[in-house]
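The values are calculated or read from the model by the stated rules, or taken from the named source; none is laboratory data. Keep in mind the model is a prediction, meaning the values are calculated, not measured. We place every Cβ from the backbone using ideal geometry, glycine too, and count neighbours over all the protein chains shown.
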Amino acid sequence: MVLLLSLLSIAARFVSSNATPTIQLGKTTLTGRAIDTLGQEFFGGLPDIYPWYQEAKDLPLTEMSEDCLTINVLRPAGISADAKLPVMFWTYGGGFDEGLSAIYNGSVIVAQSVARGTPIIYVNYNYRLGPLGFPQGKEADSKGALNLGLKDQLAALQWVQLHIETFGGDKSKVTVFGESAGSIMTSILFLNSPIASLARAAIFESGSQATSALFNAERNQADWQNFVNGVPSCASTASSGSSFSCLRQANSTEIFAGLSAAMAETLEEFPWTPVIDGAGGLIPTLPSILFKAGHFARLPFISGTNQDEGTLFTPTTVNSTEGVKQMDIATSSPSVSPALLEASVLTLLKLYPDDPALGSPFGTGNQTFGLSPQFKRAAAINGDVAFHSQRRFWMNTAANAGVPTFGYLFTQPQLPTVVPPFLGVSHGSEVTYVYGAPTDTSASAILISRLMTDYWVSFATSLTPNDGLGIPRPEWTQFTPKNEAVIQLNGANITMIPDNFRGEQMAFINSDPVIWRH
């Protein structure tokens with residue numbers, strides 16, 4: 001709120017009258033909402049391509065909708081149709097089975113972009129979630145109906161290409177950014193999609209192509225059958241291989257019943273995720289194989305991770321080396337020989353010894369927060385396998401190909417009243433800082449929030465975080481083969497650091513990425 005208020009006076013020159021803003025798209029007149037106090041205009045709930053089902057686990061059923069594929073546009077007020085403003089296009093996270101665009105308010109980002117003299121248009125959207133966004137199993141595979149949430153993302157980007165100039169945007173200056181599942185989805189588009197014709201740059205927050213380990217659709221066949229079996233009117237089709245036509249007729253209440261039934265039976269924390277969809281698909285094979293062949297989009301990007309990515313995904317009940325070992329095996333390749341897998345997991349355990357001073361949350365010494373020391377060990381492994389090693393692998397691959405890349409490590413301490421201490425600087429904790437609304441209102445937190453927004457906007461408008469505009473800030477140097485460094489984002493110490501932390505451990509993980517389904 002402090003940051004928001006500080007931007008109001010600077011944004012005042014963009015304040016419109018009380019007239020309701022309108023946009024003409026073909027024969028359709030769109031009516032927006034004037035936000036006079038911010039000097040912005042909002043056009044929300046714009047229909048995208050086709051209706052389907054939106055699931056957010058924490059919402060009551062009455063607030064879910066099958067008509068979910070909508071886009072929201074937020075722009076500075078009073079701009080002309082030919083303003084040609086850069087566009088920041090956000091994809092939210094939520095484990096591929098929850099989330100919605102409405103909780104991501106881009107007002108501060110837009111206001112700060114105006115204040116620094118580089119106004120942008122902010123766009124976000126909804127995509128299909130859960131089993132209808134990321135179907136699993138043989139039927140979906142045989143019908144070419146995999147990774148539908150990713151196709152929703154592409155459809156929304158195509159909508160931007162068709163219509164954003166009517167709102168005053170520049171379709172040639174779109175920066176895609178997202179967090180967690182949204183970052184994973186966005187990075188996947190760099191594998192085998194037309195992303196280069198839809199965007200010119202990207203920002204990845206805590207998520208690379210295989211952060212959610214990639215398998216074939218058949219791996220979670222049981223989850224799909226449990227889902228269909230839980231939809232009352234479609235239960236008889238669960239094992240038939242022909243459930244789609246029935247599911248298209250089911251209402252939201254039935255779909256939610258099916259989802260609840262499947263989630264009660266699954267052994268996976270996230271059963272509805274992107275899958276390898278073969279030749280011609282968005283994920284034809286493992287990313288590391290595509291990287292080796294030089295098959296990836298060469299667009300400039302920022303990629304970063306939070307210090308303690310693994311804590312949020314590590315059960316607090318893990319309390320033995322065997323428990324840690326089984327967690328590692330669960331995300332490894334079923335095609336690897338048992339002997340190689342066993343040797344790899346044992347090497348991983350040696351590289352991450354049972355020493356709480358070396359575990360995550362990092363930098364907390366021997367403190368175990370009332371949990372088994374094995375929790376910190378497992379959290380360190382989880383964070384490095386799923387997040388940190390992949391971010392490093394992706395950046396090295398791109399930088400070696402001459403792609404401009406910038407990396408970050410977010411280490412801003414979190415309020416213990418908001419984030420339990422055993423989570424540390426956890427997954428997702430940077431999002432409110434990017435959006436200019438951190439819960440922590442200390443000077444350090446407000447500073448890093450404003451600087452992060454400036455870095456992000458600078459990159460979206462000039463393809464470098466160092467445009468020299470806005471708040472004075474340290475130079476964020478480019479990651480190159482001769483300068484493997486990332487910026488530490490911490491209000492008390494913003495500085496470039498070598499990208500070599502836990503170097504031996506991550507070098508081992510990246511030495512044979514196929515084992516870990518990367």
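Restrict the check to region 383-397 and report whether at least one residue is in a loop (DSSP other than H, G, I, E, B), modelled with pLDDT of 95 or more and either among the hydroxyl-bearing types (Ser, Thr, Tyr) or surrounded by fewer than 22 Cβ atoms within 10 Å (Cβ to Cβ) (or both).
Within region 383-397 (the criterion being in a loop (DSSP other than H, G, I, E, B), modelled with pLDDT of 95 or more and either among the hydroxyl-bearing types (Ser, Thr, Tyr) or surrounded by fewer than 22 Cβ atoms within 10 Å (Cβ to Cβ) (or both)), the answer is no, since none of the residues qualifies.
Applying the selection to region 268-285, what residues are farther than 13 Å from residue 149 by Cα and among the aromatic types (Phe, Trp, Tyr)?
270
Which residues, counting only those in region 54-91, are at pLDDT below 65 and either among the β-branched types (Val, Ile, Thr) or in a loop (DSSP other than H, G, I, E, B) (or both)?
Selection gives 55, 56, 57, 58, 59, 60, 62, 64, 66, 67.
Run down 111, 145 and say which single residue is within 30 Å of residue 471 (Cα to Cα) and either in a strand (DSSP E or B) or more than 16 Å from the chain's Cα centre (by Cα) (or both).
111
Restricting the search to region 65-114, which residues are within 14 Å of residue 179 (Cα to Cα) and aliphatic (A, V, I, L, M)?
Within region 65-114, 88, 100, 103 meet the criteria.
Does residue 450 satisfy the condition of being touching a strand residue (DSSP E or B) at 6+ places or on another chain (Cβ under 6 Å), under 21 Å from residue 495 (Cα atoms) and of a type in the set (Lys, Arg)?
Here the answer is no, as residue 450 does not meet what is asked.
Would you tally the residues in region 415-436 being within 26 Å of residue 477 (Cα to Cα) and either out of contact with any Pro (no Cβ under 8 Å at 6 or more places or on another chain) or not in a helix (DSSP H, G or I) (or both)?
Residues that pass the stated criteria total 11.
Find all pairs meeting these conditions: Cβ atoms under 8 angstrom apart; at least six residues apart or on different chains; first residue within region 421-442 and farther than 14 Å from residue 109 by Cβ; second residue of a type in the set (Asp, Glu) and part of a loop (DSSP other than H, G, I, E, B).
426/309; 427/309
I'd like the full set of residues that are more than 13 Å from residue 185 (Cα to Cα) and of a type in the set (Lys, Arg), limited to region 136-161.
Of everything in region 136-161, those that are more than 13 Å from residue 185 (Cα to Cα) and of a type in the set (Lys, Arg) turn out to be 138, 143.
Which one of 245, 240 is free of Cβ contacts under 8 Å to residues at least 40 places away in the same chain, surrounded by fewer than 24 Cβ atoms within 10 Å (Cβ to Cβ) and part of a loop (DSSP other than H, G, I, E, B)?
It is 240.
Considering every residue within region 119-128, establish whether at least one is crowded, with 24+ Cβ neighbours inside 10 Å, in contact with a Pro (Cβ under 7 Å, 6 or more places away or on another chain) and part of a helix (DSSP H, G or I).
No.
Test residue 32 against the stated conditions and say whether it is within 30 Å of residue 188 (Cβ to Cβ), surrounded by 14 or more Cβ atoms within 10 Å (Cβ to Cβ), small (Gly, Ala, Ser) and modelled with pLDDT of 85 or more.
no
Only helices (runs of 4 or more DSSP H) wholly contained in region 251-359 count here; list those with 1 or more residues that are under 25 Å from the mean Cα position of the chain (by Cα) and surrounded by fewer than 18 Cβ atoms within 10 Å (Cβ to Cβ).
252-265, 287-292, 321-330
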